1. State the Cα centre-to-centre distance between the stretch 75-123 and the stretch 19-41 in whole Å.
2. Using the Karplus equation 6.51 cos²θ - 1.76 cosθ + 1.60 (θ = phi - 60°), what ³J(HN,Hα) coupling, rounded to whole Hz, does each residue of the stretch 112-123 give in order, writing x for Gly and Pro?
3. Considering the alpha-carbon set of the stretch 79-129 alone, what are its Rg and its Dmax in angstrom?
4. Near Lys65, which aspartates and glutamates are there with a Cα under 13 Å away, not counting those fewer than 8 places off in the same chain?
5. Counting heavy atoms of the protein chains only and a 1.4 Å probe, report the per residue accessible area for the chain as a whole number of Å².
6. Work out the length of the dipole vector of the chain about its Cα centre, built from +1 on the beta-carbon of each Lys and Arg and -1 on the beta-carbon of each Asp and Glu, and round it to the nearest 20 debye.
7. Given H placed 1.01 Å from N in the peptide plane, which residues other than close sequence neighbours of Ala33 have an amide H under 5 Å from its amide H?
8. What is the extension gain from Glu44 to Ala23, computed as 0.36 nm multiplied by their sequence separation minus the C-alpha to C-alpha distance, in nm to one decimal?
Amino acid sequence: EAQLAESGGGLVQAGGSLRLSCAASGFSFDDYAIGWFRQAPGKEREGVSCVSHRDGSTFTADSVKGRFTMTSDNAKNMIYLQMNSLKTEDTAVYFCAAGSACLYKSGGRWYLNEEYDYWGQGTQVTVSS
């Protein structure tokens, strides 16, 4: 059965760091786009970062650029989200997802893809003052 599982969330003070992990089972990350999303209470789901193993395209939200970094260990079928300089507004449930592409083109412009084939159940990140 194809599954994604996040881990590494927790409680951290502002300015601290966390590393989230996303492990795939039942399928390989090869030829998939892998994205991190988050959803805070009362807010819409937000794309955080994405990297495509198919075409090399990437996405990083302006709100986390320079602070969050995606890495991967293809041999272990695992991806990571290193989160540094955490802010209280980073508090959210974080999800990883696998799909066909990070981006799609419509009307001559590129947009973040928000439809993926597989989703993890999420891991809570809470950043305190």
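1. Spelled out, the Cα-based centre of one part sits 7 Å from the other.
2. Going residue by residue, I get 5, 6, 10, 10, 10, 6, 10, 10, x, 8, x, 9 Hz, with x marking Gly and Pro.
3. For the stretch 79-129, the Cα-based Rg and Dmax read 14.2, 43 Å.
4. Of all the aspartates and glutamates, those that pass the test against Lys65 - Cα under 13 Å, at least 8 places apart if same chain - are Asp90.
5. Details: 6960 Å² over 129 residues.
Value returned for the chain: 54 Å² of accessible area per residue.
6. Values: 11 positive and 14 negative charges, 80 e Å.
Computed about the Cα centre, the dipole is about 380 debye.
7. His53, Gly99, Ser100, Ala101
8. This chain segment gains 5.1 nm when fully extended.
The values are calculated or read from the model by the stated rules, or taken from the named source; none is laboratory data. Note that the structure is predicted; figures quoted are calculated from it, not measured. All Cβ positions, even for glycine, are placed from backbone atoms using ideal geometry, and neighbour counts span all protein chains on display. Surface areas here come from the heavy atoms of the whole protein model, side chains and all, with no ligands, DNA or RNA. Shrake-Rupley method; radii C 1.70, N 1.55, O 1.52, S 1.80 Å.
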